[in-house]
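For reference, the structure discussed in these notes is given below.
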4 protein chains.
Amino acid sequence: MNIFQPSDPNYESRIRISFDKQEVMKIIGAKLVKVIPGEVHIEFSFMESLTQQHGYIHAGIITSVVDSACGYAAYTLMPAESEVLTIEYKVNFMSPAKGNRFKGIGRVLRPGRNITVCSGDVIAVDKGKEKIVATMLATMICAGKQ
Amino acid sequence: MNIFQPSDPNYESRIRISFDKQEVMKIIGAKLVKVIPGEVHIEFSFMESLTQQHGYIHAGIITSVVDSACGYAAYTLMPAESEVLTIEYKVNFMSPAKGNRFKGIGRVLRPGRNITVCSGDVIAVDKGKEKIVATMLATMICAGKQ
Amino acid sequence: MNIFQPSDPNYESRIRISFDKQEVMKIIGAKLVKVIPGEVHIEFSFMESLTQQHGYIHAGIITSVVDSACGYAAYTLMPAESEVLTIEYKVNFMSPAKGNRFKGIGRVLRPGRNITVCSGDVIAVDKGKEKIVATMLATMICAGKQ
Amino acid sequence: MNIFQPSDPNYESRIRISFDKQEVMKIIGAKLVKVIPGEVHIEFSFMESLTQQHGYIHAGIITSVVDSACGYAAYTLMPAESEVLTIEYKVNFMSPAKGNRFKGIGRVLRPGRNITVCSGDVIAVDKGKEKIVATMLATMICAGKQ
């Protein structure tokens with residue numbers, strides 16, 4: 001586990017303000033539950049409106065949540081006057097996204113002034129048992145204030 | 001461009017029925033606009049409820065649509081009694097998802113009895129001009145009836 | 001197909017000099033056969049020394065060649081005083097790398113001052129017939145002179 | 001850390017025999033240094049013949065070693081009469097592959113009868129200090145005896 005030192009002491013409020021602007025998190029019902037240097041957790045509950053054809057959460061919704069978690073994990077370590085953008089990601093889906101609650105966890109693997117590499121997981125909680133449903137490897141970029 | 005011969009002559013109705021079960025497509029406002037062997041187009045319009053912090057469509061929503069397009073492109077070539085599942089995908093985001101309309105196009109690159117490889121693009125239409133905003137490379141699997 | 005205008009008129013000689021420094025291309029026996037704006041082709045022949053356990057070319061060697069092709073495709077459009085580095089790539093292996101000759105083709109999908117997105121293919125020539133064995137989606141970065 | 005129980009008690013000798021058939025590992029000078037259920041380590045030393053244009057190990061060689069480590073990690077858990085094939089992988093390059101020795105580590109994230117998901121790292125040892133140079137997320141498939 002890496003220990004990171006954020007350059008911006010107000011990283012948490014900066015991220016909470018940005019998260020609140022992500023309108024899509026509202027239709028997912030996602031909440032920002034943990035923001036520490038280099039790591040962010042976002043959780044949401046099962047809703048039928050988020051499902052694919054088999055009644056599980058759609059891969060793209062799983063991806064939305066873990067992308068935001070990874071992006072904000074990277075953003076904890078970026079300067080106050082910056083923006084974070086996703087360059088690209090890869091996601092492996094390891095089990096059906098079946099459960100009543102889902103936790104998206106994003107972590108910085110390697111921070112950089114320009115490029116930050118993150119990994120993320122989505123864990124389903126189904127009848128009290130936890131299972132990894134997806135894992136992400138992502139590349140984020142630090143952009144100037146937009 | 002590959003020419004594909006579907007084994008199931010009713011592939012289109014099979015896909016339309018499955019697409020209609022993807023509840024998440026309703027909150028995105030996505031429509032299935034084209035279903036031909038090895039290629040599927042899904043379109044949606046800008047809605048503020050789908051945005052990230054800069055007011056553009058969230059990467060995960062872009063991904064949801066092109067994942068469904070790629071999955072159904074693969075599914076056109078799968079047998080009648082089968083299901084399609086996403087194993088994994090990678091997406092590169094090439095421009096901000098800015099526009100009033102978005103087209104997700106999924107195409108089969110290499111079909112297989114078990115594994116099908118697809119590529120996809122999302123094109124934004126902004127004031128009448130088209131621009132690629134994201135490209136996907138995805139691996140789909142053919143599973144038995146669930 | 002995109003048409004690109006390189007900023008450095010001497011892009012080809014710049015790339016040929018760089019390619020000649022890639023010592024690994026010598027043990028692969030790879031040759032730079034085409035360098036045009038936004039597109040590079042590198043070819044090599046089957047050698048037993050490049051194989052995996054089933055006697056086909058190892059995935060990593062296929063990757064080496066298409067990574068160099070994509071990197072140099074990006075580099076055609078970068079300024080004279082720059083270096084190209086691979087940030088990340090994804091490769092799908094679509095058929096066994098079986099053949100007597102292999103062509104790695106890298107193409108720029110979306111150029112940028114900082115980040116360039118490329119796609120690549122490796123085609124095997126087996127008894128005169130061509131077959132795609134792998135496809136790459138890659139992110140390259142333009143770095144200052146090292 | 002997952003604990004895995006291999007179905008084939010002779011998994012180690014099966015992997016050592018397969019590894020010895022990977023001719024490409026000889027030109028890389030790579031050795032299989034650890035084979036335990038769900039995890040394989042492969043090491044090699046710097047050689048000028050493996051370099052790219054800046055004198056570091058080429059990304060494709062880094063990839064070759066971690067691909068073999070991931071593939072064999074998956075193969076530890078596959079049945080005696082099977083073969084492992086790489087479907088796809090993604091690799092992020094986090095620092096230049098600079099060092100005198102390199103360790104490729106492959107680990108199973110999620111085993112399956114058909115599909116196994118692995119993650120891998122390559123660590124450079126440079127003047128006694130270790131640094132991660134690349135991380136892989138890969139999808140392997142279990143095929144019948146070829």
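Bear in mind these aren't lab numbers, they're just calculated from the coordinates by the rules spelled out. As the structure is a computational prediction, the values presented were derived from the model and not from experiment. Neighbour counts run over all protein chains shown; Cβ positions are idealised from the backbone, glycine included.
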Going fewest to most other Cβ atoms within 10 Å around each Cβ, B:T139, D:T51 line up as D:T51, B:T139
Test item: C:20-33 mean partner chain Cβ contacts at 10 Å: 4
Quick check of the Kirkwood formula: for the protein assembly as shown, what is the inverse mean of 1/r over all pairs of different Cα atoms, in Å? 23.9
If the label for C:I36 sits 7 angstrom from Cα along the Cα-to-Cβ line, what are its distances to the same label in every other copy, in nm to one decimal, shortest first? 2.6, 5.4, 5.5
Calculate how steeply helix A:11-21 sits against the longest principal axis of the alpha-carbon atoms of chain A, using the helix alpha-carbon long axis, and give the answer as 0 to 90 degrees to the nearest 10. 50
Residue-normalised 222 nm signal for the protein assembly as shown, counting each DSSP H run of n ≥ 4 as -39,500 (n - 2.57), nearest 500 deg cm²/dmol, is -7000 deg cm²/dmol
Residue order, fewest to most beta carbons within 10 Å, for C:M47, D:M140: C:M47, D:M140
List the GluC sites (Glu not before Pro) within the stretch C:45-146 that fall in a DSSP loop (any state other than H, G, I, E or B) and whose Cβ has at most 14 other Cβ atoms within 10 Å. C:E81
First select every other residue whose beta carbon is under 14 angstrom from the beta carbon of B:K131; then total the charges, Lys and Arg +1, Asp and Glu -1. +3
Could you tally the net charge around D:C118, taking each other residue with its Cβ under 14 Å from the Cβ of D:C118, Lys/Arg +1 and Asp/Glu -1? -1
How far, in nm to one decimal, is A:I17 from itself in the other copies if the label point is set 7 angstrom along Cα toward Cβ? Shortest first, please. 4.8, 5.3, 6.5
Calculated SAXS-style log₁₀ I(q)/I(0) at q = 0.17, 0.26, 0.27, 0.30 Å⁻¹ - the stretch A:1-47, Debye, Cα scatterers: -0.56, -0.99, -1.03, -1.15
Ranking of B:T135, C:T63 by count of other Cβ atoms within 10 Å, fewest first: B:T135, C:T63
For chain B, with a Gaussian network of springs between Cα atoms less than 10 Å apart, report the residue from B:K90, B:K131, B:K98 with the top mean-square fluctuation. B:K90
Give the nm distances, rounded to one decimal, from D:K129 to the matching residue in every other copy, measuring between label points 7 Å along Cα toward the beta carbon; shortest first. 4.6, 4.7, 5.4
Once Rh for the stretch A:1-84 is found with the Kirkwood sum over Cα pairs, what is the Stokes-Einstein diffusion coefficient at 4 °C and 1.567 mPa s, in µm²/s? 95
Globularity ratio of chain B, using Cα Rg and 2.2 N^0.38 Å: 1.01
